[in-house]
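Below: the structure, in structure tokens.
The values are calculated or read from the model by the stated rules, or taken from the named source; none is laboratory data. These figures come from a predicted structure and were not determined experimentally. When we count neighbours, we look across all protein chains shown, and the Cβ atoms used for this are built from the backbone with ideal geometry, even at glycine. The area values use the complete protein model at the heavy-atom level, side chains included, leaving out ligands, DNA and RNA. Shrake-Rupley method; radii C 1.70, N 1.55, O 1.52, S 1.80 Å.
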Amino acid sequence: MVDIKSLSKQVLKLLEDKKEDNYRVCIIIVGPPGSGKSTIAEKLTYQLNQQYNEYLQHHPDVQVKTRQHDKIDLTSKIKDISPLLNDKLMKDQGIFKDLVEDTDFKPVKQKLADGSFEIMGRGGKPNSFTVSDCNLESNNVDEKNIQVAQIIPMDGFHLSRNSLDCFRDPEWAHQRRGSPMTFDSNNFLELCDVLAQTSLIRPNESSKGNCFEFLSDTFIENFPEIKIPGFDHRLKDPTPHCYSINGYTRIMIFEGLYLLYNQENWQKAYELLAKTGALLVWNVDIEEGVIQERVGKRHLQTGIVSTLEDGIKRFQKNDLVNARLIKDNLVNDKNIIHITFLLK
């Protein structure tokens, strides 16, 4: 099994090394279907949040403080949706029917009634994320449950089934769901751009102390809140606003299948995160036979197939193809750390 405590030490070392230059550090966890990357990300997130909150409990002299910052604008570079495109969006039930295969489409934004901005790529509203003003209330903080680490899963950018219906070959799109073209890579790239910008904001330089003490003294009160979609294999479609990245988030854990894929928008996403100078990358290695059994069972449990045999066949025709595609087209970076996850 992967040593989560060892991984958390590496994350905290990165955070310590970059604390004065980067408000946030970025972690990438990537691996083939069934490799356990989601489990690693979840356990690592829990471990880091638990460590921080235990530190606060054992150091009552350390106070959680929030500070005002100059207005942080994360959406000015994103174009407003045109009236024509907005009419099509409304007509086609929230998706961009004519754009679902256009990997060059530039995401657009629209202002919502609450003042937040909704950012949409070629998948439309199901794959959208929102950016809104947020004021952290330091006086009402639950100091036993501050989330300094947050998962950012790629799976929320699965194109919806309605979008797959609009492909030139919808049968292929549904059969090969999970392949690179069946994700809204456009909007995931836009999200990475926005989050990379937040990483490069400098915390208050006058603050001192170790990593956790420094964090506690440098939370930005008016940091924009970003809400991103999630994905439940049982529901089979993205769920908006599943994850929230706010001013308390100092560790962003990106998790997904194509985060090291050196093609199309995926490569650009990796480049944006690498340019923050505050990035750790783990690639999970695992035997194909192990992931075949695990993914086959998952397909059965989520109702995609009716028998385990069919689940394994689907794995071989789809998931295994994707796994080998990534292996053959991996980003070339000497800083990628390969780890092994042994499933029992």
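When the helix-only estimate is applied to the chain (DSSP H runs of n ≥ 4, each -39,500 (n - 2.57), divided by the residue count), what is the mean residue ellipticity at 222 nm, nearest 500 deg cm²/dmol? Before the final figure, lay out each step's value.
Working: 11 runs with 119 residues, N = 344.
Value at 222 nm, helices only: -10500 deg cm²/dmol.
Ratio of segment 189-314's C-alpha Rg to 2.2 N^0.38 Å, to two decimals?
Working: Rg = 19.2 Å, N = 126, 2.2 N^0.38 = 13.8 Å.
That works out to 1.39 for segment 189-314.
Could you look at segment 104-209 and say what percent of its accessible area is carbon and sulfur, using a 1.4 Å probe and all protein chains? List each step's numbers first, then the result.
Working: 1970 of 4470 Å².
For segment 104-209, the apolar C and S fraction of the accessible surface comes to 44 percent.
Hey, if you drop one equal point scatterer on each alpha-carbon of segment 1-104 and run the Debye formula without solvent, what base-10 log of I(q)/I(0) do you get at q = 0.13, 0.19 Å⁻¹?
Log10 I(q)/I(0), no solvent term: -0.85, -1.04.
Could you state the accessible area per residue of segment 55-149 in Å², with a 1.4 Å probe and every protein chain left in place?
On the way: 5740 Å² over 95 residues.
With all protein chains present, segment 55-149 gives 60 Å² per residue.
So for Arg122, Arg202, what's the accessible-area order with a 1.4 Å probe, most first? Please list the in-between numbers first.
Details: Arg122 0, Arg202 110 Å².
Correct descending sequence by accessible area is Arg202, Arg122.
Once you've got the Cα coordinates, tell me which of Lys9/Lys208; Lys268/Lys327; Lys13/Lys208; Lys97/Lys297 are over 23 Å apart. Can you show the working numbers first?
Values: Lys9/Lys208 20 Å; Lys268/Lys327 18 Å; Lys13/Lys208 16 Å; Lys97/Lys297 33 Å.
Cα-Cα > 23 Å for Lys97/Lys297; rest within.
Highest GNM mean-square fluctuation, the chain, Cα pairs closer than 10 Å: which of Met90, Met120, Met154?
Met90
Report the residue, chosen from Val290, Val148, Val194, that carries the largest GNM mean-square fluctuation when the chain is represented by alpha-carbon nodes joined by springs under 10 Å.
Highest fluctuation of the listed residues: Val290.
Which helices, counted as full DSSP H runs in the chain, have an axial Cα extent of no less than 15 Å and a Kyte-Doolittle average of 0.0 or above?
Values: long enough: 4-18 (21 Å, -0.25); 37-58 (31 Å, -1.25); 185-199 (21 Å, 0.19); 264-274 (16 Å, -0.81); 288-301 (20 Å, -1.01).
Sorted by number, the helices that extend far enough and score high enough are 185-199.
Can you give the Rg and Dmax of the chain based on its C-alpha atoms, in angstrom?
Expressed in Å, the Cα Rg and Dmax of the chain come to 20.3, 62.
Using a 1.4 angstrom probe with every protein chain in place, what is the largest-first accessible-area order of Asp155, Asp184, Asp114?
Numbers: Asp155 40, Asp184 0, Asp114 120 Å².
Solvent-accessible surface, decreasing: Asp114, Asp155, Asp184.
Among Lys43/Lys313; Lys18/Lys275; Lys111/Lys227; Lys91/Lys227, which pairs are too far apart, with a Cα-Cα distance over 20 Å? Write down the numbers at each step before the final one.
On the way: Lys43/Lys313 30 Å; Lys18/Lys275 13 Å; Lys111/Lys227 15 Å; Lys91/Lys227 25 Å.
Flagged as over cut-off: Lys43/Lys313; Lys91/Lys227.
Modelled label-to-label distance, Tyr55 and Trp172, 7 Å Cα→beta-carbon offset: nm?
The answer from the label model is 5.0 nm.
Three principal axis extents, largest first, for the C-alpha atoms of segment 122-274, in Å?
Over segment 122-274, Cα extents along the principal axes are 57, 31, 22 Å.
Decide, for segment 218-281, between rounded, prolate and oblate: order the square roots of the alpha carbon gyration tensor eigenvalues as a ≥ b ≥ c, take rounded if a/c falls under 1.5, and otherwise choose prolate if a/b is larger than b/c, else oblate. If you can, show how the numbers build up before the last one.
Details: a/c = 2.42, a/b = 1.07, b/c = 2.26.
Oblate is the answer for segment 218-281, as a/c is 1.5 or above yet b/c matches or exceeds a/b.
Keeping all protein chains in position, work out how much accessible area Lys9 exposes to a 1.4 Å probe, and write it in Å² to the nearest 10.
150 Å²
Check the straight Cα-Cα distances from Lys79 and name the aspartates and glutamates below 18 Å, setting aside those fewer than 8 residues away within the same chain.
The reachable aspartates and glutamates, counting only those whose Cα sits under 18 Å from Lys79, are Asp87, Asp102, Asp104, Glu118, Asp184, Glu190, Asp193.
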